[in-house]
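One structure below.
The values are calculated or read from the model by the stated rules, or taken from the named source; none is laboratory data. As the structure is a prediction and not an experimental result, all values here were calculated from the model. Note that each Cβ is placed from the backbone with ideal geometry, even for glycine, and that neighbours are counted across all protein chains shown. Heads up: the accessible areas ignore ligands, DNA and RNA and are worked out on the full protein's heavy atoms, side chains in. Shrake-Rupley method; radii C 1.70, N 1.55, O 1.52, S 1.80 Å.
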Amino acid sequence: MNSGVDFEPAIEGTIIENEKKEQIKEPLMPLWSECGPLKSLEELDIVIDTPPAWLSNIIPLEKRDETVVQNVLSDCHSKISNYQSRPRLDAKFVPKTLVCHDYKGGYLEDRHLIVELDTGNQYTFYNWSHIDIFVYFSHNFITIPPLCWINAAHQKGVKILGTFITEWDEGIAICKDIFKDMSTMQSLIKKLCKITEMFKLDGWLLNIENKLEDTTILKEFVKELTEQLHSINDETLVIWYDSILENGKLLWQNELNEKNLCFFERCDGIFLNYVWTEETLLQSIKMAKERSLDIYVGIDIFGRNTFGGGHFNTYKAAEVIRRHGLSMAIFAPGWTHESIVHTEKDSISLMEHFFNKDCAFWNSLWPYLYTHPITKYFQTSFYKGAASNRFSISLQETQLSKIVHPKYSYLVPNYAEIPTLERKCHCIRLDYNDDTCTCLINKQGMSSDIIIHNLFICNIEASGEVIVYFKKKCKPFGILGLRILTCLKNGSRHVITLNGRKKEKLIQNCSVTQVNPLSEETDLFKIFKKQQQVVEGDSEIMVYTFSIGPSYILEIGAILEEGDAVCLESFGIEPSGEKNIVLNKELV
């Protein structure tokens, strides 16, 4: 990808010398002991003929809720009198957010197939509920995302695309082979469709960054690939990168115009290069007509000639993009990891430094993102897929719907000059305890009003008995209660209040149900205490059960009933059902 500057491939040795090409023909790819790209048409054929065994471990894409919530700066907490479900928008009619990975060329620790590696301090992406599309990008002919990324994205309902790329002189040679006639082109399409099905991919980013003498067959390739993928699965996407023109010249336009419109018209969207202006966005909107949501405006987070300068100024580009109702393509967000300079003055670990910087970066974009509700019961200890001593994207757990505020704001350059950070409340803040990221809920410096901290945005269909638990650190001291906002099937609002301390008299009416925590003597409490590895004097757990009529759980919030802060370590909500039987067996 080009950012308007001279570009060097991210991986040395991408262009393989002729005398080494024979090595590729060895039947190694089907026996993949790790994930990797396809660097030639020969490798493409080999993988189709002899698929890797790990295909059986790929999970399908989870269905998402049909609505989203538009984020606003002030949605981290509310007064109890104002606690209500945030407005839901139809997801089909809001701008999308695409993230293009491109971390150090790709295929690093994430290429391994084992579930968990004893290596830490690696880059991880975990804000899945705020994005729609994930592209695993590398400078190889066909980039197939590693297993862990496919599964992490699919678990959260995010579409993941592979990358089809040709570049520079080597790309010219490849294009002469694959676009020399209609028959060759159609054969390639069949193979790409096969790869899409085999690896359960959700589409492709097409990136032709070399000149072509004639684009007639290329245009047909874009059209037929899109159509054939849609015939297999109408949810797939083919996105064109703003690179070559209809006449075959390699010249990034940074806009949608008559020179690249032919490709946009034949697929599902265009990823604009990064050197755009507000004027070129207006031109793109005019050209797209009713398809403006299919324009993915690129932002290079490394700031290479990108609008606003990238880095922590990325919010400037995001604000302009969203103001004009366009979709956004965030390129190389791994900058938050790659750019860390660890000095002797730093008293925090590299991983803690990364999470702090990463939270600050994504928090700065908060008002320009949309949140997808959680649709299923879940349990989470907020594991992000990496820590200082381990790495496992596949074992990522559900995060808070709210991106937590960074703990060390002084580590963010010009923090006070970033309006989307400076004006943000820090009532829900990142904390890092014993190599684990946790959530610090605090009300220090806030008004004396009863405040509900918004933790999870949901749309969980519920009925019958429900179990809720949370685990928190003993220090700092605090008594935490919960509020669960539900909507009954008849449309009426109902609040489930989970008391932090036992109350003698409980309210139960058509609007409110109050619930006390289970006694420490109950079997269910003992089981959860054992499962959550509660250490006396270090942490404690609260467990609740309640019955609910046919409803939708929409919001889950927390109230500090006593104390100024609580460090939340884990949370779970699940139906009782047969769980009590299973738990009782475990207890025995």
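Pull out a ≥ b ≥ c, the square roots of the eigenvalues of the alpha-carbon gyration tensor of the range 39-153, then state rounded if a/c is under 1.5, prolate if not and a/b is larger than b/c, and oblate in the remaining case.
prolate
Taking all protein chains as present, what is the carbon and sulfur share of the accessible area of the chain, in % to the nearest whole number, probe 1.4 Å?
50
Once you've got the Cα coordinates, tell me which of K194/K223; K402/K472; K191/K223; K505/K530 are over 20 Å apart.
K505/K530, as the Cα separations exceed 20 Å there.
May I ask you to derive the relative contact order of the chain, considering only C-alpha pairs under 8 Å and at least 6 residues apart, and to give it as an integer percent?
That works out to 15 percent.
For E34, what is the net charge nearby, where nearby means another residue's Cβ is under 12 Å from its Cβ and Lys, Arg count +1, Asp, Glu -1?
-1
Decide, for the range 169-282, between rounded, prolate and oblate: order the square roots of the alpha carbon gyration tensor eigenvalues as a ≥ b ≥ c, take rounded if a/c falls under 1.5, and otherwise choose prolate if a/b is larger than b/c, else oblate.
Oblate shape, in that a/c is at least 1.5 and b/c is the bigger or equal ratio.
At 1.4 Å probe size, with no ligands or nucleic acids counted, give the accessible surface of H353 in Å², nearest ten.
20
First check a/c for the range 318-456, with a ≥ b ≥ c the square roots of the eigenvalues of its C-alpha gyration tensor; if it is under 1.5, answer rounded, and if not, answer prolate when a/b is larger than b/c or oblate otherwise.
Rounded is the answer for the range 318-456, as its axis ratio a/c remains below 1.5.
Grab the DSSP H runs of the chain that are 4 residues or longer, score each as -39,500 (n - 2.57), total them, divide by all residues and round the 222 nm result to the nearest 500 deg cm²/dmol.
Value at 222 nm, helices only, nearest 500: -6500 deg cm²/dmol.
If you take every DSSP beta bridge fully contained in the range 406-525, what fraction is antiparallel? Give it as a percent rounded to 5.
75
With a cap of 12 neighbouring Cβ atoms within 10 Å, and only residues DSSP puts in a loop, list the trypsin sites (Lys or Arg not before Pro) found in the range 215-296.
K249
How big is the gap, in Å, between the Cα center of the range 66-118 and the Cα center of the range 193-208?
Each part's Cα centre sits 23 Å from the other's.
Along Cα→Cβ, 7 Å out, is where each label goes; now give me the distance between the ones at V534 and A416 in nm to one decimal.
Calculated label separation equals 4.4 nm.
In the full protein assembly as shown, how much of Y296 is accessible to a 1.4 Å probe, in Å² to the nearest 10?
Answer for Y296: close to 10 Å² accessible.
Top to bottom by accessible area (1.4 Å), largest first, where do E422, E278, E255, E521 land?
From most accessible down to least: E521, E422, E278, E255.
Given a Förster distance of 41 Å, report the FRET efficiency between D49 and S576 from their Cβ-Cβ distance, rounded to the nearest 0.05.
With a Förster radius of 41 Å, E is 0.25.
Give me the net charge of H112's neighbourhood, meaning all other residues with Cβ under 14 Å from the Cβ of H112; Lys, Arg count +1, Asp, Glu -1.
So the surrounding residues net to -3.
So between K526 and T216, what do we pick up on full extension, going 0.36 nm a residue minus the alpha carbon distance?
104.7 nm
So for the range 185-343: antiparallel DSSP bridges make up what percent, rounded to the nearest 5?
Counting DSSP beta bridges with both partners in the range 185-343, the antiparallel share is about 5 percent.
Of R423, R64, R304, which has the most accessible area with a 1.4 Å probe, and how do the rest follow in descending order?
Listed by decreasing accessible area, they come as R423, R304, R64.
Please give the contour-minus-distance gain from K104 to K502: 0.36 nm per residue of separation, less the Cα-Cα distance, rounded to one decimal in nm.
Full-extension gain reported as 138.0 nm.
Can you pull out the trypsin sites (Lys or Arg not before Pro) in the range 463-542 whose DSSP state is coil and whose Cβ has at most 16 other Cβ atoms within 10 Å?
In loop regions of the range 463-542 (DSSP not H, G, I, E or B), the sparsely surrounded trypsin sites (Lys or Arg not before Pro) are K489, R501, K502, K503, K505.
Taking the Cα centre of the range 277-433 as origin and charging only Cβ (+1 Lys, Arg; -1 Asp, Glu), how large is the dipole, in debye to the nearest 20?
Dipole of the range 277-433, to the nearest 20 debye: 380 debye.
Based on the alpha carbons, how large is the Rg to Rh ratio for the range 460-588 when Rh follows Kirkwood?
We get a ratio of 0.97 for the range 460-588.
Taking the Cα centre of each part, how many Å lie between the range 372-415 and the range 280-314?
If we compute the Cα centre of each part, the gap is 27 Å.
Students sometimes get this wrong: rank S448, S40, S243, S33 by accessible area, probe 1.4 Å, all chains present, largest first.
S448, S33, S40, S243
Using the Karplus curve 6.51 cos²θ - 1.76 cosθ + 1.60 with θ = phi - 60°, what ³J(HN,Hα) values do you get for each residue of the range 457-463, in whole Hz, with x for Gly and Pro?
In residue order, the calculated couplings are 9, 10, 8, 9, 6, 9, 6 Hz.
For the range 248-306, what is the accessible area per residue in Å², given a 1.4 Å probe and the full set of protein chains?
40
Take every DSSP beta bridge with both residues inside the chain and express the antiparallel ones as a percent of the total, to the nearest 5.
65
Where Lys and Arg each count +1 and Asp and Glu each count -1, what net charge lies around V495 among other residues with Cβ under 13 Å from its Cβ?
+1
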